[in-house]
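Peer 1: After the structure tokens below, expect a handful of questions from me.
The values are calculated or read from the model by the stated rules, or taken from the named source; none is laboratory data. Only a predicted model underlies this, so the values are computations on that prediction, with no experimental measurement involved. Virtual Cβ from ideal backbone geometry, glycine too; neighbours counted across all protein chains shown. Side chains are part of the model used for accessible areas, which takes the heavy atoms of the whole protein and leaves out ligands, DNA and RNA. Shrake-Rupley method; radii C 1.70, N 1.55, O 1.52, S 1.80 Å.
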Amino acid sequence: MNTYVIKRFMLFVPTLVLVTLMVFALMRLVPGDPAELLLMGFEGDGQFTEQQLADLRAKLGTDRSLAIQYLDWIWGMVRGDFGVSMYFDTPISEDLGAKLPITLELAALALLLAFVVAVPLGVVSAVRQDTVADYASRIIAIAGVAMPTFWIGILVVYFLVTWFDWLPPLGYANLWEDPWRNLQQMFFPAVALGFYNMALVARVTRSSMLEVFREDYIRTARSKGLRERAVIVRHALKNAFLPILTISGWQVGRLIAGTVVIETIFLVPGMGRLLVDSILHRDYTMIQSIVMVIAFMVLALNLVVDLLYAWLDPRIRYE
Amino acid sequence: MRNRALNRLTGRILVAMGMIIALTALVACGATAPTESVAPSEGATAPAQPAASTSGDSPAPTAVPAQANEAAQTADRGKYGGIVPMHDYAFPNLIWHPHEFSNQFKNNSAIYNGLIEYNAETDDPYDIRGDLAESWELQPDGVTYVFHLHENAMWQDGTPVTAADAVHSMDSLVNADASRPQTLIIAPYYSAGNARAIDEHTVEIQTNNPAPDFIPMLAADAFKMMSKDWDESGVDTAKWENGMGSGPFVPTQLAKDVSIELARNENYWKEGLPYIDGIIHYYIADKGTAIGAYRTGQVLMTTFPVTNLSNTEILELQEAEADTLDVYLIPNTSLLGTLINTTIEPFNDVRVRRAMHLAVDRSEFRTIFGGGIAPVGTPLPPDTWFGRTEEEALQLPGFRSESDGSKHQGDIEEAKRLLAEAGVPDGFEVDIMARTAVEYVDLAQLLADQFRRYLGWEATVKPIDSATGLTRYKEHDYQIGAQGTALLLGEPDPIIGKIFMPGGLWIQWSGWEAPEQFKEWFSAQSQELDRTKRAAILREMEDWMLTVDPGPLLVYYWSFRDQIVNKQIQNYHMPVSLWVQLKHEYIWCDPAC
């Protein structure tokens, strides 16, 4: 197992190098000079001289060759130094340190809510196949898969304002300092963010459960006189869980990407919103750093999911 | 037995889901609904309507009276206390030096005072009065202004405001060596070294030429005074926490991308002010969320009159929330139109630009995007002291309609004739660049449709992200683009200077070159102190643009900028521009906020 984990970690390196090349090159291919945008301002109204532009480019380091810029960035990251935001002129590690936990909290809450709703929904749908409960569950699931996350977010805001005359409190309250306010701020973004996952997991749970119900060991369990609850929870659900875990593993990456939109709609000051703003400002250093963090997280989570397989199913062994 | 177990399981799952729904409702209803305290206050006045005509209302620089600051007299009127949450659509960059521009002065204006200010306590949006200056006079030479400072004015560190500070600030405002010297917009009027301290509390400022727009410009919030000692002390004045002015509020918390907070300056030199204890600017970029925040009372007013909502959307919001919200529509400081790249064919041909000017159906733009009330897009804003009346404008080619409201056929015929004359009778393919900001993409769609309908052009909308669009404008890498602009003030110099004169942003982007005659007209009007004569020159300029060359810009309409104010906020008066009356020292909450 240890060898396997080390091998997987080693594979991180070429993947991350590829990501650095892609994000670095793509940002330079897209038109927009960070120095110019800083001087022009958001609406492009700023006036400046060519000398001021040259000075700012020198300060930001964008006047150097691309190879030097790239190597400088990589060398910084190797030393754990993400550099300074081109737009805000503040250390990137400070921003990431402040915003990453917020995004992780949002993603975790979304995943939790998705599971809390999806698994029971999928189970009911399977055990009550072709009944009203099943149809209702399937309608919810299909709607969740069909509707894009940003649309759900807009709908949630709309219904909160229209029905409850309420919006989550503005600003941001830290989870450990003011958990109730934090919950108010994070709950609905998590609902909107997790809705798609909930739908997908519900569908997979249903189909997986239906498959398991046809297995001999379920029939055996029932014929032994086990209580139905025990059959469903202990025998069926546990065995149906592997596909659910697989789907959830790669959904985590999607979930983190989804925070980009949801954080903007619900004013959650996380990494997703920072990424959107940084792209608008062509804050190269910030974009590169955020993308690298996301890439690392997705790789790490995939590894964790793979390891969980072995834990859930003793037949799986990693060499 | 199996069925019973299943029923039990299903029941438990339903209970669990019910609990989640209940939790949802609990979270949603758990907080005190702010709207409960947002009952319309008695006697709340309707928002001021846009000034129909400003002729004669603006301060005439030839006869500037000594004006006393009325702050002390009004200080006992309002109710004290409360924090006012405000909506800001864009978080600024983090450079907080008051003389370096990003658009940060919307957030830090309340930390500073200007020499003079637009009077925030009157319904006359053009009324200018002293701020740090108790009074001022224009000397007979027409270029020397003498400002008398309040003797009790003091910086937030307790030191007195002196004439030396004013001199330092004026020079700092035009410091070309600053990293972002956007306040160079005052450079046409003032050059470094032309201010001097006559005594401790008297400062003399000389303008480069007679300049009727100098005082209206100086009163804007872009031109604040700062302490000479503080600026030269080595403190990093670009940091938020180091903002130190003489204004009614001091900087407190700044949470990047979330909020910016200011607290009452307890030692403010204007006795009894400000009324409120603090301000929180919340950054809300998403339109729907912003509307929700206004409707639920989570924000009580706009930071400055830009909400990101179109005129139509803002009118719909006002109608829906008429009991709780006032919407102030500020005319003449913003426009929406098409920018034309005049460096490429066929747009370098004035006949093609004139044809475009004639073929655009401005009435349709105004109806769909301007809420049916936005002023028509003449080169100079209508119904101002220097523009035509709207009634007059609507009779002109390019602006008129048929009796049934449709596009005037004569204008289309003439446009086609001009295109034939220019050698493009059968139309051509044109890409309309539209930055994905505000309503540019929607505007471009309508323009493309009109060009197809009226001229037979193959017009295609090319949406593009904002930063890329700005770069392409700068590099002349576009044909035409849907674009708008906000102007510092709705006065002739800022309008014409930005759009039609060398050095103006739109000239740089369009590559258009104004003829010498036009530049001479601009210079002459800019220095003409007699308003009637000045208006006559401006009329000549506009006639030239309407009949000879419309220039690089096809204005659809003069867009209102909008300020949303909850009726809980008292003593708010509509400003003349986006960039004035941002100190908020005279507003208060009733009921308490």
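Peer 1: For the range B:497-538, what class follows from the C-alpha gyration tensor (a ≥ b ≥ c being the square roots of its eigenvalues): rounded when a/c is under 1.5, otherwise prolate if a/b is larger than b/c, else oblate? Let's see the in-between values first.
Peer 2: Values: a/c = 3.23, a/b = 2.32, b/c = 1.39.
In terms of gyration-tensor shape, prolate.
Peer 1: List for the range B:290-314: residues with 40 Å² or greater reduction in accessible area, all protein chains versus chain alone, probe 1.4 Å?
Peer 2: By number: B:295, B:296, B:298.
Peer 1: Rounded to two decimal places and with Rh computed the Kirkwood way over Cα pairs, what is Rg over Rh for the protein assembly as shown? Intermediate values should be presented prior to the final figure.
Peer 2: On the way: Rg = 31.1 Å, Rh = 30.5 Å.
Checking Rg against Rh, the ratio lands at 1.02.
Peer 1: Search the structure for amide H atoms under 5 Å from the amide H of residue B:325, placed 1.01 Å from N in the peptide plane, and list their residues when 5 or more places away or on another chain.
Peer 2: Under 5 Å from the amide H of residue B:325 lie the amide H atoms of B:567, each far enough along the sequence or on another chain.
Peer 1: Which shape class, rounded, prolate or oblate, goes with the range B:80-239 when its Cα gyration tensor gives a ≥ b ≥ c as root eigenvalues, a/c under 1.5 marks rounded, and past that a/b bigger than b/c marks prolate? Could the numbers behind the result be given before it?
Peer 2: Working: a/c = 1.36, a/b = 1.25, b/c = 1.10.
Cα axes put the range B:80-239 in the rounded bin.
Peer 1: Give the cross-link partners of residue B:519 among the lysines, using a straight C-alpha distance below 23 Å as the criterion and excluding same-chain residues fewer than 8 apart.
Peer 2: B:474, B:498, B:533
Peer 1: Quote the charge dipole size of the range B:424-579 about the Cα centre in Debye, to the nearest 20; the model charges only the Cβ of Lys and Arg (+1) and of Asp and Glu (-1). Could the numbers behind the result be given before it?
Peer 2: On the way: 14 positive and 22 negative charges, 118 e Å.
Dipole size: approximately 560 debye.
Peer 1: Please state the equivalent ellipsoid semi-axes for the range B:321-432: what are the square roots of 5 times the Cα gyration tensor eigenvalues, largest first, in whole Å? Numbers along the way, then the final one.
Peer 2: Values: eigenvalues 181, 52, 40 Å².
In descending order the semi-axes read 30, 16, 14 Å.
Peer 1: Would you mind giving the average projected area, over all directions, of the Cα convex hull of chain A in nm² with one decimal?
Peer 2: On the way: hull surface 85.2 nm².
For chain A, the mean projected area of the Cα convex hull comes to 21.3 nm².
Peer 1: To two decimal places, what compactness ratio does the range B:444-593 give when its Cα radius of gyration is scaled by 2.2 N^0.38 Å?
Peer 2: On the way: Rg = 19.8 Å, N = 150, 2.2 N^0.38 = 14.8 Å.
This ratio for the range B:444-593 stands at 1.34.
Peer 1: Follow-up. Which residues belonging to the range B:258-277 lose at least 20 Å² of 1.4 Å-probe accessible area when the assembly is complete, relative to their chain isolated?
Peer 2: Residues shielded by partner chains are B:258.
Peer 1: Of the accessible area of chain A, with the probe set at 1.4 angstrom, what percent is carbon plus sulfur?
Peer 2: On the way: 10090 of 14900 Å².
Here it works out to 68 percent.
Peer 1: A further question on this structure: Return the long-range amide H neighbours of residue B:128 (sequence gap of 5 or more, or a different chain), with a cut-off of under 5 Å between placed amide H atoms.
Peer 2: For residue B:128, whose amide H was placed from the backbone, the distant partners under 5 Å are B:119.
Peer 1: Just to check I understand the Karplus step: with θ = phi - 60° and J = 6.51 cos²θ - 1.76 cosθ + 1.60, what whole-Hz values come out for the range A:52-66, glycine and proline as x?
Peer 2: Per-residue couplings from phi come out as 4, 5, 5, 4, 5, 4, 5, 5, 7, x, 7, 8, 7, 5, 4 Hz.
Peer 1: Then there is this: At q = 0.16, 0.20, 0.23, 0.27 Å⁻¹, what base-10 log of I(q)/I(0) does the Debye formula yield for the range B:194-258 when every alpha carbon is treated as an equal point scatterer in vacuo?
Peer 2: -0.80, -1.05, -1.17, -1.27
Peer 1: Does any residue of the range A:88-137 lose at least 30 Å² of accessible area with all protein chains in place compared with its chain alone, and if so which ones (probe 1.4 Å)?
Peer 2: A:88, A:99, A:117, A:120, A:124, A:127, A:128
Peer 1: Just the accessible area per residue of the range A:175-289, please: how many Å² with a 1.4 Å probe? Intermediate results must be reported in sequence, preceding the final value.
Peer 2: On the way: 4490 Å² over 115 residues.
For the range A:175-289, the solvent-accessible area averages 39 Å² per residue.
Peer 1: Could you compute how much accessible area chains A and B hide from each other, both sides summed, with a 1.4 Å probe? Nearest 100 Å² is fine. Spell out each step's value before the answer.
Peer 2: On the way: alone 17740 and 23780 Å², together 35760 Å².
Its buried surface, counting both partners, is about 5800 Å².
Peer 1: Give the percent of DSSP beta bridges with both residues in the protein assembly as shown that are antiparallel, rounded to the nearest 5. Could the numbers behind the result be given before it?
Peer 2: Numbers: 52 of 70 bridges.
Expressed as a percentage, antiparallel bridges in the protein assembly as shown total about 75.
Peer 1: Now, a different point. Relative to the longest principal Cα axis of chain A, at what angle does helix A:271-281 sit, 0 to 90 degrees, rounded to 10?
Peer 2: 30
Peer 1: Still on this structure, I have one more. Just want the answer: with Cβ charges of +1 for Lys and Arg and -1 for Asp and Glu, which residue in B:515, B:170, B:483 is farthest toward the dipole's positive end in chain B?
Peer 2: Result: B:483, furthest along the dipole toward the positive end.
Peer 1: Write down the percent of antiparallel bridges among all DSSP beta bridges whose residues are both part of chain B, to the nearest 5.
Peer 2: Details: 51 of 69 bridges.
DSSP beta bridges in chain B are roughly 75 percent antiparallel.
Peer 1: Also, quick follow-up: So for the range B:491-575, Kirkwood radius off the Cα pairs, Stokes-Einstein at 37 °C and 0.692 mPa s: how many µm² s⁻¹? Walk me through the intermediate numbers first.
Peer 2: Working: Rh = 15.0 Å.
D = 219 µm²/s.
Peer 1: Hey, another quick one. Over the alpha-carbon set of chain B, divide Rg by the Kirkwood Rh and report the Rg/Rh ratio to two decimals. Before the final figure, lay out each step's value.
Peer 2: Numbers: Rg = 26.3 Å, Rh = 25.8 Å.
When Rh is taken as the Kirkwood radius, the ratio is 1.02.
Peer 1: Measure of size requested: the Rg and Dmax of the range A:55-161, with Cα atoms as the atom set and Å as the unit; please supply both.
Peer 2: 23.4, 71
Peer 1: Binning every alpha carbon pair distance of the range B:417-484 at 10 Å from zero, what are the percents per bin?
Peer 2: 22, 46, 26, 6
Peer 1: Go through the range B:85-90 residue by residue and turn each phi into a ³J(HN,Hα) via Karplus (6.51, -1.76, 1.60, θ = phi - 60°); whole Hz please, and just put x for glycine and proline.
Peer 2: Each residue of the range B:85-90 in turn: x, 10, 9, 10, 7, 9 Hz.
Peer 1: Using a 1.4 Å probe and ignoring any ligands, DNA or RNA, find the accessible area of residue A:12 and quote it in Å² to the nearest 10.
Peer 2: Ignoring ligands and nucleic acids, residue A:12 comes out at about 10 Å².
Peer 1: Further, regarding this structure: So, for the range A:1-103, what is the accessible surface per residue at a probe of 1.4 Å, expressed in square angstrom? The partial results should precede the final answer.
Peer 2: On the way: 5530 Å² over 103 residues.
Roughly 54 Å² per residue, with all protein chains present.
Peer 1: OK, next. Nearest 10 degrees, 0 to 90: what angle lies between the long axis of helix A:92-127 and the longest principal axis of chain A (Cα atoms)?
Peer 2: 20
Peer 1: Another question about this same structure. Starting from the Cα gyration tensor of the range B:539-583, take the square roots of the eigenvalues, sort them a ≥ b ≥ c, and report rounded, prolate or oblate (rounded when a/c is under 1.5, otherwise prolate if a/b is larger than b/c, else oblate).
Peer 2: Values: a/c = 4.30, a/b = 3.15, b/c = 1.36.
Taking the square roots of the gyration eigenvalues as a ≥ b ≥ c, the range B:539-583 is prolate.
Peer 1: Ok, one more. Which helices count as membrane-span-like in chain B under these terms: full DSSP H, at least 20 Å along the axis by C-alpha, Kyte-Doolittle mean of -1.0 or more?
Peer 2: B:2-30, B:440-455, B:531-547
Peer 1: Now for a different question. Quick check: at a probe of 1.4 Å, how many percent of the accessible area of chain B sits on carbon and sulfur atoms? Please list the in-between numbers first.
Peer 2: Working: 10450 of 20850 Å².
Using a 1.4 Å probe with all protein chains present, chain B comes out at 50 percent carbon and sulfur.
Peer 1: Then there's this: For the range B:144-153, take each phi angle, set θ = phi - 60°, evaluate the Karplus expression 6.51 cos²θ - 1.76 cosθ + 1.60, and give the result in whole Hz per residue in order, putting x for glycine and proline.
Peer 2: Computed from phi, the couplings for the range B:144-153 are 10, 10, 10, 10, 9, 7, 4, 6, 8, 5 Hz.
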